[in-house]
1. Test each condition in (1) out of contact with any Phe, Trp or Tyr (no Cβ under 8 Å at 6 or more places or on another chain); (2) part of a helix (DSSP H, G or I); (3) of a type outside the set (S, T, N, Q) for P327 and report the one that comes out false.
2. Across segment 106-154, which residue is modelled with the lowest pLDDT among those that are among the β-branched types (V, I, T) and surrounded by 11 or more Cβ atoms within 10 Å (Cβ to Cβ)?
3. Touching a His at 6+ places or on another chain (Cβ under 7 Å), open to solvent by 80 Å² or more (accessible area, probe 1.4 Å) and outside any helix (DSSP H, G or I) - does that describe any residue in segment 187-206?
4. In the list G74, G64, which residue meets the criterion of being in a loop (DSSP other than H, G, I, E, B), surrounded by 15 or more Cβ atoms within 10 Å (Cβ to Cβ) and not assigned by the TED database to the domain that holds I222?
5. Considering segment 428-438 alone, what residues qualify as being touching a residue at least 40 places away in the same chain (Cβ under 8 Å) and open to solvent by less than 80 Å² (accessible area, probe 1.4 Å)?
6. Mind counting the residues in segment 425-467 that are in a loop (DSSP other than H, G, I, E, B) and modelled with pLDDT of 70 or more?
7. Under 6 Å by Cβ, and 6 or more places apart or on different chains, what pairs join a residue from segment 115-135 that is assigned to a helix (DSSP H, G or I) with one that is among the acidic types (D, E)?
8. Look through Q542, Q510, Q528 and report the one residue that is of a type in the set (S, T, N, Q), open to solvent by 80 Å² or more (accessible area, probe 1.4 Å), in a helix (DSSP H, G or I) and closer than 30 Å to R331 by Cβ.
Amino acid sequence: MAGGIFSPLGSCSELEKANCHPLVCLLCHEPYQHPCLLDCYHNFCASCLRGRASDGRLRCPLCGHPSVVRGGTGLPPVDRLLQFLVDSSADGEEDVQCANCDRRCAKAELDTMYFCNTCGQPLCAPCREETHRAKMFARHEIVSLSKRTKDIHKKCPLHEEPYIMFSTEKKSMLCINCFRDMQGESRAHCIDIETAYMQGCQRLDQAVMAVKELQTSTREAIVLLKAMIEEVRNSASEEEAAINSLFGRMQEQLSERKKTLLKAVQSQHEEKEKAFKEQLSHLASLLPTLQVHLVTCSAFLSSANKAEFLDLGYQLMERLQRIVKLPHRLRPAQTSKINSEYRAEFARCLEPLLMLSPRRSVVGSAGTIGPGITGANMLPGGQCSKTLIVPGCPPASDKMSTGPMVRKPTMHRYISTKVLLAEGRETPFAEHCRNYENTYRMLQTEIQGLKDQVQELHRDLTKHHSLIKTEIMSEILQKSLQMDVQIAAHYSAVEMMRSVFEEVWEETYQRVANEQEIYEAQLHDLLQLRQENSCLTTITKQIAPYVRSIAKVKERLEPR
């Protein structure tokens with residue numbers, strides 16, 4: 001049993017190259033001299049630990065765990081167990097001489113030597129067979145040389161009497177006097193030496209088995225951790241390669257989209273500049289005509305008499321009215337702002353690269369809580385809504401959405417619609433919203449009914465393991481297909497209204513843009529006036545002391 005504690009590690013020896021002989025110090029690499037035990041159960045020589053303590057604590061040179069040291073030596077207590085093993089190992093290295101025949105046994109022959117604890121003498125194998133087999137030696141205790149009892153373990157140091165009992169309560173051997181001095185309740189915990197030895201061996205076997213299991217688990221954990229370190233290294237390499245590859249493709253896509261956007265900006269610039277120049281040319285040609293007619297009117301009024309005025313005046317007035325009624329483009333037909341929607345375009349070109357398949361994890365980076373369940377399905381408070389997401393079936397919005405516009409949540413859209421309808425303005429879009437809400441609520445109610453049926457069937461199948469009729473599933477599937485047709489038809493009807501609304505939105509956008517420009521100009525004018533007033537205030541504050549001083553001088557000079 002004891003020989004198995006320090007058995008070689010076998011196939012896992014490569015994992016413990018740092019380990020050396022259990023009786024050799026890990027710092028000086030020499031046999032232990034007064035070995036000390038730290039709180040982390042690492043042993044070192046007392047001389048190797050001397051001077052390492054600081055503020056009553058000593059850090060392990062191997063693992064860094066702090067140990068509390070007491071006393072003036074600054075050293076942890078001596079490990080008596082390891083000291084015993086060191087002493088036993090030193091004794092085994094000496095040549096032993098048989099007390100009967102004076103035969104010397106070399107180090108390699110120590111296993112054939114015996115020791116009589118009663119005589120206190122070593123015996124060789126022949127002398128044990130020839131001399132100590134007699135009846136007079138029948139009560140002598142003969143053991144192998146490695147298990148001989150030393151003098152320190154024979155007698156009680158207090159009473160100089162041999163040990164005869166063992167106290168399981170105090171974990172110490174007792175002589176007859178120690179046994180007599182004990183109290184009555186403590187004697188119940190005393191057993192003989194042989195029984196204590198057998199029980200101790202059994203408990204040591206159990207402890208050794210537990211340590212061996214821990215040793216096996218530790219080796220497996222080391223192998224697993226080394227494998228995980230290798231996996232981490234490979235995963236990091238793969239991730240770096242994927243990042244570099246994706247970044248390169250993103251750069252290519254962004255570069256191509258950048259060129260396209262710059263061309264679009266240049267095209268818009270040319271178109272707007274051309275339109276503004278044509279309008280400017282028209283107005284520039286109109287201005288001389290107006291000037292000529294104003295001069296003509298002035299000259300006519302100054303030179304014509306009443307008869308001439310009545311004869312030609314109405315003709316001149318009719319001409320001026322026609323000039324005013326001509327379609328003159330006085331306001332800009334479009335805004336001066338160039339909008340390429342570069343943010344949306346860049347996002348659209350990166351979308352195919354970033355729309356990767358989500359990894360299966362308990363909590364993902366995008367709020368995914370598992371396959372088929374996302375953060376959008378979680379209600380406030382952590383409860384899961386009645387929304388089932390079927391793997392492999394994309395939502396209808398993914399099929400119907402055509403632009404990169406960020407969609408507002410349904411609740412936000414519902415509130416915005418309520419506010420719009422509450423304003424009371426009868427516009428085509430308000431009427432459209434009113435009809436849309438009615439149809440949407442009807443479709444939503446039917447979809448919710450299908451959801452409840454599917455969830456109930458899913459619960460019966462997974463929890464209650466009850467059979468589901470195929471007719472029910474076929475009916476639900478048929479209703480789902482019909483709902484898909486209705487939703488697609490409603491979507492097409494809504495989509496057809498886009499051109500009508502876009503015309504209204506364009507006119508509104510032009511009006512709003514002009515109003516915004518006027519509003520910004522008003523703010524700018526007010527800020528400019530405020531700045532001028534601030535300058536006047538500063539100048540007044542600077543002049544005020546001089547005015548007051550001159551006034552005081554004037555008051556002093558006036559009486560004189």
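1. Among (1) out of contact with any Phe, Trp or Tyr (no Cβ under 8 Å at 6 or more places or on another chain); (2) part of a helix (DSSP H, G or I); (3) of a type outside the set (S, T, N, Q), P327 violates only (2).
2. Going through the qualifying residues, I end up with T149.
3. No, every residue in segment 187-206 fails to be touching a His at 6+ places or on another chain (Cβ under 7 Å), open to solvent by 80 Å² or more (accessible area, probe 1.4 Å) and outside any helix (DSSP H, G or I).
4. G74
5. Residues satisfying the conditions are F429, H432, Y436.
6. Number of matching residues: 3.
7. From segment 115-135, no pairs qualify.
8. Only one candidate qualifies: Q528.
The values are calculated or read from the model by the stated rules, or taken from the named source; none is laboratory data. A quick note: this is a predicted structure, and the numbers were derived from the prediction, not measured. Note that each Cβ is placed from the backbone with ideal geometry, even for glycine, and that neighbours are counted across all protein chains shown. Areas reflect the complete protein model, heavy atoms only, side chains present, ligands, DNA and RNA absent. Shrake-Rupley method; radii C 1.70, N 1.55, O 1.52, S 1.80 Å.
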